1. Restricting things to alpha carbons, find the Rg to Rh ratio for the stretch 5-156 using the Kirkwood radius for Rh.
2. Express in nm, to one decimal, how much length is gained between Lys29 and Leu85 on full extension, taking 0.36 nm for each residue of separation and deducting their alpha carbon distance.
3. Testing the spin-label approximation: label points 7 Å from Cα along Cα→Cβ at Gln140 and Leu157. State their distance in nm.
4. How big is the Rg/Rh ratio for the stretch 44-94, C-alpha atoms only, Rh by Kirkwood, two decimals?
5. Just how many % of Cα pairs in the stretch 13-63 lie over 18 Å apart, if you round to the nearest whole percent?
6. Report, in deg cm²/dmol and to the nearest 500, the calculated mean residue ellipticity at 222 nm for the chain, where each DSSP H run with n ≥ 4 adds -39500 (n - 2.57) and the sum is divided by the residue count.
7. Assuming a viscosity of 1.306 mPa s and a temperature of 10 °C, what translational diffusion coefficient in µm² per second does Stokes-Einstein assign to the stretch 72-157, Rh being the Kirkwood radius over Cα pairs?
Amino acid sequence: MRLGLRPLFTLAIFLGSFLLFLVQPLAAKMILPAFGGTPAVWNTSMVFFQGALLLGYAYAHGSVARLGVGRQPWLHLALMLAALLLLPISVPIGLVAGGHARPELLVLLVLAAGVGLPYFAVSAGSPLLQRWFAETDDPQASDPYFLYRASNFGSLL
C-alpha cells in the first residue's frame, strides 16, 4: 500500500465518527417539538442511536466474517449507495399524530424511517475501514490503533 492511502483511511474514519455524533443531537432536536420535548423522547433517541451503532458494528463484523475482505466492500458500497438515496436526512414528522402519553415506540419508528439506514451505514464504516486497513501491506497494518485514535477524536468534536 502506498503511504498516501494511510491519511485517507484516517480522514475517512475521523469524518465518519464526526458525522455519527453530529447526527444524534440534530435528529433528536428535530423530533422534540413533535413529541412535546419530554425527557423520554431525548432518552429514547439516544437508545435508538446506541442500538443502531451496535447493529452497525455487528454488521461490520458479521459481513467481513462471512464474505471476507475481498467481497465485503462491494456489499458496503451497495449499502452506502442505498443510504445516499435517503439523503438529506429528515424526520418524517407526519407519522406523529397528536399527543402521546408514551411516545417511545413511535420515536424509534420515526428515527428509523428518517435516519436509520444512513446512520447504520456510516456506523459500520469505522470498524470496516480498520479491518480493511489491517489487510493491506502498509507497515502499520498489524497495529492500526492510530485509526482508533482518529475515530475517538472525531466523536469528540
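Read the figures in this text as sums done on the coordinates, not as results from a lab. All values reported here derive from a predicted model rather than from experimental measurement. Glycine also receives a Cβ, built like all others from the backbone with ideal geometry; neighbour counts cover every protein chain displayed.
1. Here Rg/Rh amounts to 1.04.
2. Roughly 17.9 nm would be gained on extension.
3. Between Gln140 and Leu157, the simple spin-label model gives 1.7 nm.
4. 1.08
5. 40
6. Here the helix-only value at 222 nm equals -25000 deg cm²/dmol.
7. Result for D is 102 µm²/s.
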